[in-house]
1. On the principal axes of its Cα set, how long, how wide and how thick is segment 12-96? Give whole Å, largest value first.
2. Could you list which residues have their amide H under 5 Å from that of F109, counting only those 5 or more apart in sequence or on another chain, with H placed in the peptide plane?
3. Under a crude label model (7 Å from the Cα following the beta-carbon direction), how far is R44 from L25 in nanometres?
4. Determine which residues of segment 26-68 fall in the zone a paramagnetic label at R99 would reach in this model, i.e. backbone nitrogen under 13 Å from the point 7 Å along Cα→Cβ.
5. So, in nm, how far is label A75 from label F120 when the simple model puts each one 7 Å beyond its Cα toward the Cβ?
6. Sorted by mean Cβ packing within 10 Å, highest first, what order do the peptides 66-77, 46-57 take?
7. Which of the listed residues, V56, H40, V106, is farthest toward the dipole's positive end in segment 4-106, when Lys, Arg count +1 and Asp, Glu count -1 at the beta-carbon?
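Read-outs throughout are calculated quantities, based only on the coordinates presented, and are distinct from any laboratory measurement. What you see is a predicted model; the values in this text were computed from it and never measured. Ideal geometry is used to build each Cβ from the backbone, glycine not excepted, and the neighbour counts take in all protein chains shown.
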Amino acid sequence: MTPIFSFEVHPDRDLISVILSGFFLPQDIICLEAARTDAHQKLRCDANQHQALIDVRRMHPHSPDVLALFIKLLAIKELAARRTAYVVTRSDALMQIKRATASAGVRYFMSSEAAEDWLFTESYPKTARSYLDDINNKNERFDGHP
């Protein structure tokens, strides 16, 4: 499947919304990095103070070399978000996504609405116990992180 990516910048909300789908090759990661850098230049907040909402529900599993390039891309500290919410499915690609994105301030959700709630609601459950209560009621988030 052809790789597709899009960036939508919301400077008034300090938010970058990203959609990633398909199967990426190494040369696609180079284009993705350029688009990511361009999107960050449109933000008005200080570096690393934005939030990111990244929809990867249509991503396919990737080879180890492409996964390594994704990890390298996400490790660029100057572009790191304060909080990142990934919208995912329970797919073969999920474990790769979690491996590539595991860090503080990153969570995984089953819906865009739940992801945005976490990004923009200060009262979102912060403890493991309140998270477990929340997931038992909503079943929208499944990573086990507060």
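1. Largest to smallest, the principal-axis extents are 35, 26, 17 Å.
2. Amide H to amide H, under 5 Å and 5 or more residues apart or across chains, F109 pairs with Y86, V87, V88.
3. So the two model labels end up 4.1 nm from each other.
4. 61-68
5. Going from the A75 label point to the F120 one covers 3.4 nm.
6. Details: 66-77: 15.0, 46-57: 18.6.
Top to bottom by mean Cβ count within 10 Å: 46-57, 66-77.
7. V106
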